[in-house]
1. Identify, from the list 444, 497, the residue that is surrounded by fewer than 17 Cβ atoms within 10 Å (Cβ to Cβ), farther than 21 Å from residue 558 by Cβ and at pLDDT 90 or above.
2. In region 310-321, how many residues are open to solvent by less than 10 Å² (accessible area, probe 1.4 Å) and in a helix (DSSP H, G or I)?
3. Which is among the small types (Gly, Ala, Ser), under 30 Å from residue 224 (Cα atoms), open to solvent by less than 60 Å² (accessible area, probe 1.4 Å) and without any contact (Cβ under 8 Å) to a residue 60 or more places away in the chain, of 184, 178, 113?
4. Among the residues of region 67-76, is there at least one that is within 24 Å of residue 106 (Cα to Cα) and in contact with a Cys (Cβ under 7 Å, 6 or more places away or on another chain)?
5. Counting only residues that are among the small types (Gly, Ala, Ser) and modelled with pLDDT of 90 or more, which one in region 461-492 is surrounded by the fewest Cβ atoms within 10 Å (Cβ to Cβ)?
6. Out of the strands (runs of 3 or more DSSP E) lying entirely within region 447-528, which hold 2 or more residues that are touching a strand residue (DSSP E or B) at 6+ places or on another chain (Cβ under 9 Å) and within 21 Å of residue 547 (Cβ to Cβ)?
7. Scan (1) within 18 Å of residue 499 (Cβ to Cβ); (2) in contact with a Lys or Arg (Cβ under 8 Å, 6 or more places away or on another chain); (3) modelled with pLDDT under 90; (4) polar (S, T, N, Q) for the single condition residue 574 breaks and write down its number.
8. Residue pairs, Cβ under 9 Å, 6 or more apart or interchain, first in region 260-278 and over 28 Å from residue 215 (Cβ atoms), second of a type outside the set (A, V, I, L, M, F, W, C) and at pLDDT 70 or above. List them.
Amino acid sequence: MNHLQTALDIIAQVGGAENIEHLEHCSTRLRLSLYDNGKVNEGELAKIDGVLGVRVNVQCQVIIGHEVVQVYEAARSLIGTPQANASAQTVKPHRGAQIVDFVISVFQPLVPAIAGGGVLKSLLLLLDVLGWLSRDSSTYKVLDNIGSAPLYFLPILVAITTATKLKVNILVAVSAVAVMVLPAMTKQLADGAEFMSFDLRNVAYASQVFPAILCVLFYAQTEKLFNRYSPGALRIFLSPMLSLLVTVPVTLLILGPLGYELGAGLATVILWLYGKLGFVATGLLAAALPFMVAAGMHKPMLPYAVASMSQFGREMLYLPASLAHNIAESGACLAIALKSKDKVLKSTAFSAGISALFGITEPALYGVTLLNKKALYSVLAGSLVGGAFIGWMAIEAFALVGPGLASISMFVSPDNPMNIVWAFAGAGLSFVIAFLSALLLWRDKAPEQAEELHFIRPVEGQIIPLENVNDDVFSRKIMGDGVAIIPSQGVLRAPADGTVVNVFESGHALSLLTDAGVELIFHIGIDTIRLQGDGFHPLVKEGQHVKSGDTLIEFSLDTITAAGLDPVVVMIVTNGERFSLTPGSNHDKDTHPNIIMTLKESV
């Protein structure tokens, strides 16, 4: 893949760089917040080399696959800083779309740091269980602190992503949130603190998300206010100081406790629903994930997952369900790769199956599952049964990362050694059911009979082999294969319906794109460009649509021969790699006397 060209094409089809407000990426998708989603050309965007699929709802999501980082970097190098485009005419989305866009923009960038730390901690637990590294050792504790840091300082990370989304001063926003996790402040709250006679609630803000979000949202308003009214000479310190003086106390008194209750409430509600529905909830969610991931609507689950992880240190619905779905995608794809005789599909399914096995399902979804009903049915069966089993065994996840073979240690529990065992069993069940279902259901589609494209003779005269034309460019088929005619009349006609792409200024040559996608070039005579248009009379212009048999060019045979030039007319197919060409007709020449060439699209 040419990453730079792919990025260029994507930018062009989303309305240009001036339409891009914000650009980011996840593990497989390029995510663009646009000023006007109406400018996106979804059809052309999906055709770009390297693009697996397109979804436009709140954000424009371009599915790239494992090379998304390279395309993202290329796009960033082309558009520069998105904020520079803020002068573009904005089409304001509805409030619901704005909220979803805000949630995705704040939570999506957090995942790599949280996932990295979480997987490290789960690996340490595994090493301790295996007896290879004791949790009492100094080395273990140092490594455990490394893994704990992203979650402990989650408020700081959230402050950065929220301030970035709101386009406010990131360092001042971080400073405001940092007060909540400052060791001295934490100790003061624990001892019973008050501010101007108002009691401050003792809240452990480390690992919390929503207090930081509310804090930065409020700070954004104070920054706007004080920037407007602070004298220019004093603004550099006066506005940040006043913003901190107002934002931090309001956060400690009101917004912090409110955000804490919001996060705890969200996680509690989900767990309450899980408690009522039990294993059915996990199975149904796993079966719904193919559609949620395809639409990009699994991302709104992130706030819950982050809140659950920060509140309880574990998550027992979304991530376990994702394990069942991811492994089911892998099982179905690998079965199709084994059974299919189609070389292209076999290769696609195999690579997609391996990606899904390691937690990346977009290649499987867009390359196999959503294109074939039987593959989808197999994935649904594996996801539903495997998810229900995982829910029945109450499997818990301890790291926020896409579940797969490489990250399976995320299910190592510090209290329940069987948690990882049942996770393996659930993953295996999902794989086996999806694999066997696909193996039983899959049938390769019967190859479609390629349509034959017939072309009538463009000029009257004697047909000769192209190899006999007295010009190496044509006779050696450097430009492509085709036919040649020694004309008996000076009229060039369209051999099929199409659009005139180009008419040479001298009138001796013309290019045509047929409605079936065949690119043709007509050349009248050898070296007739020397006549500088004398004797040639084009009757069509660029962009004009013509019907089969319409006159394209009238030319004088007498003028050509009087100049001592060869009048042979050649018709060349320049995109012949897409077709197999047969001179003449495959049918009875008495029935179809005018058909001079037949093309059959390669399959």
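The values are calculated or read from the model by the stated rules, or taken from the named source; none is laboratory data. Note that this is a predicted model, so its numbers are computed, not measured. Here the Cβ is made from the backbone with ideal geometry for all residues, glycine too, and neighbour counts use every protein chain on show. In case anyone asks, the SASA skips ligands and DNA or RNA and just uses the protein heavy atoms, side chains included. Shrake-Rupley method; radii C 1.70, N 1.55, O 1.52, S 1.80 Å.
1. Values: 444 fails: at pLDDT 90 or above.
Every option except 497 fails the conditions.
2. Total satisfying the criteria: 3.
3. Working: 184 fails: open to solvent by less than 60 Å² (accessible area, probe 1.4 Å); 113 fails: under 30 Å from residue 224 (Cα atoms).
Exactly one of 184, 178, 113 is among the small types (Gly, Ala, Ser), under 30 Å from residue 224 (Cα atoms), open to solvent by less than 60 Å² (accessible area, probe 1.4 Å) and without any contact (Cβ under 8 Å) to a residue 60 or more places away in the chain, namely 178.
4. Residues of region 67-76 that are within 24 Å of residue 106 (Cα to Cα), as a first pass: 67-76.
In the following step, the residues that additionally are in contact with a Cys (Cβ under 7 Å, 6 or more places away or on another chain) were identified as none.
No; the residues of region 67-76 include none that is within 24 Å of residue 106 (Cα to Cα) and in contact with a Cys (Cβ under 7 Å, 6 or more places away or on another chain).
5. Taking region 461-492 first, the residues among the small types (Gly, Ala, Ser) are 461, 475, 480, 482, 484, 488, 490.
Next cut, modelled with pLDDT of 90 or more only: 461, 484, 488, 490.
Working: 461: 17, 484: 23, 488: 11, 490: 21.
Filtering first and then ranking leaves 488.
6. Values: elements: 452-456, 461-464, 481-487, 491-493, 498-503, 509-514, 519-524.
Output list reads 452-456, 481-487, 491-493, 498-503, 509-514, 519-524.
7. With (1) within 18 Å of residue 499 (Cβ to Cβ); (2) in contact with a Lys or Arg (Cβ under 8 Å, 6 or more places away or on another chain); (3) modelled with pLDDT under 90; (4) polar (S, T, N, Q) applied to residue 574, the lone miss is (2).
8. Within 9 Å, the pairs are 274/282; 274/391; 277/391; 278/391.
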